[in-house]
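Student: Mind looking over this structure? Questions follow.
The values are calculated or read from the model by the stated rules, or taken from the named source; none is laboratory data. Being a predicted model, the structure only gives us computed values, none of them experimental. Cβ placement follows ideal geometry from the backbone for every residue including glycine, while neighbour counts extend to all protein chains displayed. Only protein heavy atoms, including side chains, enter the accessible area calculation; ligands, DNA and RNA are left aside. Shrake-Rupley method; radii C 1.70, N 1.55, O 1.52, S 1.80 Å.
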Amino acid sequence: MRIFHCDVRRIWAGGQNQLWLLALGLRERGHRQWIVTRPGSPLARRAGGEGFEVLSHPFRGEADPRATLALRRMIARHAPEVIHTHDPHSLTPAVLAARLVRPRPLVVAHRRVDFHIRGNRFSRWKYARGPDHVIAISDRVREVLVEDGVPDEHVTVIRSGIPIETPPPEGPDLRTRAGAPAGVPLVITIASTEAYKDHPTLIEAAGLLFERRPDARWVVLGTGGLFEEMVARAERRGHAERLRYLGYVEGARGLLPQADVFVMTSRTEGLGTSILDAMAAGVPVVSTAAGGIPEMIDHERSGLLVPPGDAVALAAAVVRVLDDRALARRLAEAAAVKVRDFDVRRTIGRTEELYRQLLANRPL
């Protein structure tokens with residue numbers, strides 16, 4: 001097949017990594033692919049460096065007609081059969097551009113978040129009537145899409161995955177950067193600093209943890225729009241030495257085994273592949289029970305779940321895992337079995353199968 005992957009975000013986060021894993025897997029299966037993104041984006045640099053054909057445009061907004069016309073020219077030139085949009089901002093120009101070309105390519109949209117579509121007509125049309133099909137990364141995301149008017153038959157759940165059989169190389173010494181020498185409890189979070197990840201609750205829970213375990217250290221990997229604000233908040237709370245925001249760190253998955261517990265504090269979450277990475281790395285997980293997270297974590301079996309926004313419960317769960325190492329081992333062992341349901345090879349195969357089904361069943 002001939003496939004366009006579209007993503008116009010300026011950062012590298014979970015969604016871009018899932019696009020990347022999918023593109024690599026489909027390339028191994030012999031498909032021709034192009035990466036459509038902003039010039040100079042992390043995705044553009046990585047894709048170009050790995051031999052993918054990169055098509056770039058500034059994409060100054062969904063309503064920018066120049067983006068639609070540029071994408072139309074790309075489609076007319078390369079004739080993709082499938083246009084797969086991986087972020088919401090690339091969906092509108094992709095849908096409009098596809099309608100300007102004959103034969104019209106199939107448009108598949110990926111929905112990775114579990115918050116509701118905006119209430120205006122345009123946003124609802126974008127998902128309900130724009131693409132030919134929508135991929136939801138969890139049952140919870142699918143429920144929200146259907147509630148918001150996307151036809152049930154136009155949504156397929158394909159859960160995000162991670163490369164189970166190819167563990168990452170061990171990264172540099174994280175404990176030194178976190179100020180946590182060997183033997184000192186180390187908590188790790190890998191999450192973008194966006195509002196829905198709820199870093200204020202993380203910072204509050206960290207303070208409660210330090211009251212109970214003054215020797216503990218907490219390190220946060222990831223960046224985003226609220227990064228500087230969260231660093232300043234941690235400093236104001238007096239946590240700067242024990243709670244460190246390190247920003248984006250290349251090869252973060254390889255650092256996980258150095259930690260004693262992984263924590264996710266999201267208020268909403270489509271799925272959360274960094275949790276899967278921790279499960280595969282043998283690190284016990286404490287997380288909020290937001291969105292699709294309970295589809296990965298069985299409470300008290302493969303991890304501990306607490307209500308979103310509850311810093312007291314979150315800190316208590318972290319202390320429990322740090323204090324009870326038998327519990328930590330039991331949770332990690334069960335998680336290592338559970339995570340095999342999220343092998344990225346299954347994600348790639350199901351996506352390829354969906355493309356074929358949609359192309360075979362589309363009207364002439």
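Student: Compute the Cα gyration tensor for region 227-332, then decide on rounded, prolate or oblate, letting a ≥ b ≥ c be the square roots of its eigenvalues: rounded whenever a/c is under 1.5, prolate when a/b is larger than b/c in the other cases, and oblate in all that remain. Spell out each step's value before the answer.
Tutor: Working: a/c = 1.41, a/b = 1.36, b/c = 1.04.
Verdict is rounded for region 227-332.
Student: Would you mind getting me the FRET efficiency between Val157 and Leu359? Use the beta-carbon distance for r and R0 = 25 Å, nearest 0.05. Intermediate results must be reported in sequence, preceding the final value.
Tutor: Numbers: r = 20 Å, r/R0 = 0.79.
Once the sixth-power term is evaluated, E becomes 0.80.
Student: Let me ask another. Under the rule a/c < 1.5 gives rounded, and otherwise a/b versus b/c splits prolate from oblate, where does region 85-157 land using the Cα gyration tensor? Kindly include the intermediate steps, with their values, before the conclusion.
Tutor: Working: a/c = 1.93, a/b = 1.59, b/c = 1.22.
Prolate, since a/c reaches 1.5 and a/b exceeds b/c.
Student: Through the Karplus equation 6.51 cos²θ - 1.76 cosθ + 1.60, θ set to phi - 60°, convert the phi angles of region 221-237 into ³J(HN,Hα) values in whole Hz; use x for Gly and Pro.
Tutor: For region 221-237, the Karplus-derived couplings read 10, x, 9, x, x, 9, 4, 4, 5, 6, 4, 5, 5, 4, 5, 4, 7 Hz, x marking Gly and Pro.
Student: So for region 1-138, Kirkwood radius off the Cα pairs, Stokes-Einstein at 20 °C and 1.002 mPa s: how many µm² s⁻¹? Mind dumping the intermediate values first?
Tutor: Working: Rh = 15.0 Å.
The estimated diffusion coefficient comes to 143 µm²/s.
Student: Something else now. What percentage of all Cα-Cα pairs in the chain are separated by more than 32 Å?
Tutor: Numbers: 21746 of 66066 pairs.
When every Cα pair of the chain is considered, 33 percent fall beyond 32 Å.
Student: Of Val263, Val184, which has the most accessible area and how do the rest follow, probe 1.4 Å? Present the calculation step by step, with values, prior to reporting the outcome.
Tutor: Working: Val263 0, Val184 30 Å².
Result of the area sort, largest leading: Val184, Val263.
Student: Moving to a separate point now. Suppose the Debye formula is applied to equal point scatterers at every Cα of region 149-294; what is log10 I(q)/I(0) at q = 0.15 Å⁻¹?
Tutor: Cα-only, vacuum Debye calculation for region 149-294: -0.75.
Student: For a bin width of 5 Å, list the pair-distance distribution of region 39-90 built from all Cα-Cα distances, rounded to whole %.
Tutor: P(r) over region 39-90, rounded to whole percents: 4, 18, 23, 30, 21, 4, 0.
Student: In the full protein assembly as shown, how much of Trp125 is accessible to a 1.4 Å probe, in Å² to the nearest 10?
Tutor: Ignoring ligands and nucleic acids, Trp125 comes out at about 80 Å².
Student: What Kirkwood hydrodynamic radius do you get for region 85-127 when you take the inverse of the mean 1/r over all pairs of distinct Cα atoms, in Å?
Tutor: Details: mean 1/r = 0.0884 Å⁻¹.
Here the Kirkwood hydrodynamic radius works out to 11.3 Å.
Student: I would also like to ask the following. Which whole-Hz couplings ³J(HN,Hα) result when phi for each residue of region 249-259 is put into the Karplus expression 6.51 cos²θ - 1.76 cosθ + 1.60, θ = phi - 60°, listed in order with x for Gly and Pro?
Tutor: 10, 4, x, 4, 4, x, 8, 4, x, 7, 9
Student: Give the accessible area for Ile348 in Å² (nearest 10); use a 1.4 Å probe, count only protein heavy atoms, and leave out ligands, DNA and RNA.
Tutor: Accessible area of Ile348: about 10 Å².
Student: Right, something else. Counting only protein chains, not ligands or nucleic acids, how are His57, His116 ordered by accessible area (probe 1.4 Å), most first? Walk me through the numbers before you get to the answer.
Tutor: Details: His57 30, His116 90 Å².
Descending order: His116, His57.
Student: If you stretched the chain out fully between His116 and His299, how much longer would it get, using 0.36 nm times the residue separation minus the C-alpha to C-alpha distance?
Tutor: 63.3 nm
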